[in-house]
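Chemist: Mind looking over this structure? Questions follow.
The values are calculated or read from the model by the stated rules, or taken from the named source; none is laboratory data. Predicted model, so just to flag it, every value in this text is computed and none were measured. Heads up, the Cβs are rebuilt from the backbone with ideal geometry, glycines too, and the neighbour counts pull from every protein chain shown.
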Amino acid sequence: MSYIPRGPLTDLPTGHPCADCPVRPVTICRTQTPEVLAALRGLGTMQRLQEGQTVFHEGDPARRVFMLTYGSLKIYTLLLDGRRQVTGFMFPGDFLGVAVEGEYAFTIEALEGSELWWFSRDAFTRFVDQNPSIERELYHLSAHELAAAQQQMVLLGRKTAAERLASFFFELLERQERAGTGEGQILDLPMNRLDIADYLGLTKETVSRMLAELRSRGLIRLAAQNRVEVLDHAGLIDLAQGSGGNG
């Protein structure tokens, strides 16, 4: 779901503008030198978003790239018959907006109050050309996104409804663990039931039924409307991998 660099975190001198950035350990900035980070920050502009506000729409000219530093976003596209397909969610540290063509291929909308840094696409491209370390991170990011797209095809094409929901929760837990955020086995879900349904290729009613099923199996507990506690981590993994029975 999200790419998190695995290289060592670069030490920054006291007073560096990026020294206190809470998301630096999980961004493409992680392994960059202080000089590269300072130059990159100088290219960027901070933008705050309200819940429901769009970053860009499908078909808009691809003039900017973005790095999310706070909050969460959803990515979606509209099918020809008007139905919506949510293709992913973005969390702090994620990079977005890289487009092969001259237009964005999807719409991105804030799930909650969020904050991001944006960069002119042309200026960022020149910066990448001058800094191979950034280019390497973007290459790994692209490889990760390709693998994630392949996993999503398997999820939508082969897994049962219960397996899809278990996989979704497992992906969120993995992201949380790698980023060192969250509260153990607690998942706070900024997306609503319909967003989850449109991501998993299900109906909202089916998502609600599958939540009840996972709860009845003792895998999860609904601590609140949008807060899930995973009670049986191993059982959730088994179900996500298709070895936990039918749903």
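Chemist: Filter the stretch 1-56 down to residues that are basic (Lys, Arg) and under 18 Å from the mean Cα position of the chain (by Cα) and give me whichever is modelled with the highest pLDDT.
Modeler: The extreme case among them is Arg48.
Chemist: Shifting gears a bit: Considering only residues that are in contact with a strand residue (DSSP E or B) (Cβ under 7 Å, 6 or more places away or on another chain) and surrounded by fewer than 19 Cβ atoms within 10 Å (Cβ to Cβ), which ones fall in the stretch 24-43?
Modeler: Scanning the stretch 24-43 gives a single hit, Leu43.
Chemist: Any residue at all in the stretch 104-112 that is surrounded by fewer than 17 Cβ atoms within 10 Å (Cβ to Cβ) and not in a strand (DSSP E or B)?
Modeler: Yes, there is a match, as at least one residue in the stretch 104-112 is surrounded by fewer than 17 Cβ atoms within 10 Å (Cβ to Cβ) and not in a strand (DSSP E or B).
Chemist: Follow-up. Of the residues Arg121, Arg64, Arg164, only one is at negative phi, surrounded by 16 or more Cβ atoms within 10 Å (Cβ to Cβ) and in the same structural domain as Leu202 (by TED's automatic domain parsing); which?
Modeler: After ruling out the rest, the residue left standing is Arg164.
Chemist: While we're on this one: For the condition within 26 Å of Leu37 (Cβ to Cβ), out of contact with any strand residue (DSSP E or B) (no Cβ under 6 Å at 6 or more places or on another chain) and not assigned by TED's automatic domain parsing to the domain that holds Gly71, what is the one hit in Arg193, Arg136, Arg178?
Modeler: Selected residue: Arg178, the only one of Arg193, Arg136, Arg178 that is within 26 Å of Leu37 (Cβ to Cβ), out of contact with any strand residue (DSSP E or B) (no Cβ under 6 Å at 6 or more places or on another chain) and not assigned by TED's automatic domain parsing to the domain that holds Gly71.
Chemist: For the stretch 197-212, how many residues meet the condition of being touching a residue at least 40 places away in the same chain (Cβ under 8 Å) and buried (at least 18 other Cβ atoms within 10 Å of the Cβ)?
Modeler: Going through the stretch 197-212 one residue at a time, the tally reaches 8.
Chemist: Right, something else. Any residue in the stretch 108-119 that is among the small types (Gly, Ala, Ser) sitting within a Cβ distance under 6 Å of a residue that is surrounded by 23 or more Cβ atoms within 10 Å (Cβ to Cβ)? List the pairs, counting only those 6 or more apart or interchain.
Modeler: As it stands, the answer is Ala110/Leu73, since those pairs meet every condition given.
Chemist: So is Glu177 surrounded by fewer than 18 Cβ atoms within 10 Å (Cβ to Cβ), touching an Asp or Glu at 6+ places or on another chain (Cβ under 8 Å) and free of Cβ contacts under 8 Å to residues at least 12 places away in the same chain or not?
Modeler: So Glu177 fails the test.
Chemist: Go through the stretch 199-233 and give me each residue that's in a helix (DSSP H, G or I) and modelled with pLDDT under 95.
Modeler: Tyr199, Leu200, His233
Chemist: Test Gly157 against the stated conditions and say whether it is farther than 21 Å from Ile108 by Cα, in contact (Cβ under 8 Å) with a residue 12 or more places away in the chain and either in a loop (DSSP other than H, G, I, E, B) or not hydroxyl-bearing (Ser, Thr, Tyr) (or both).
Modeler: So Gly157 fails the test.
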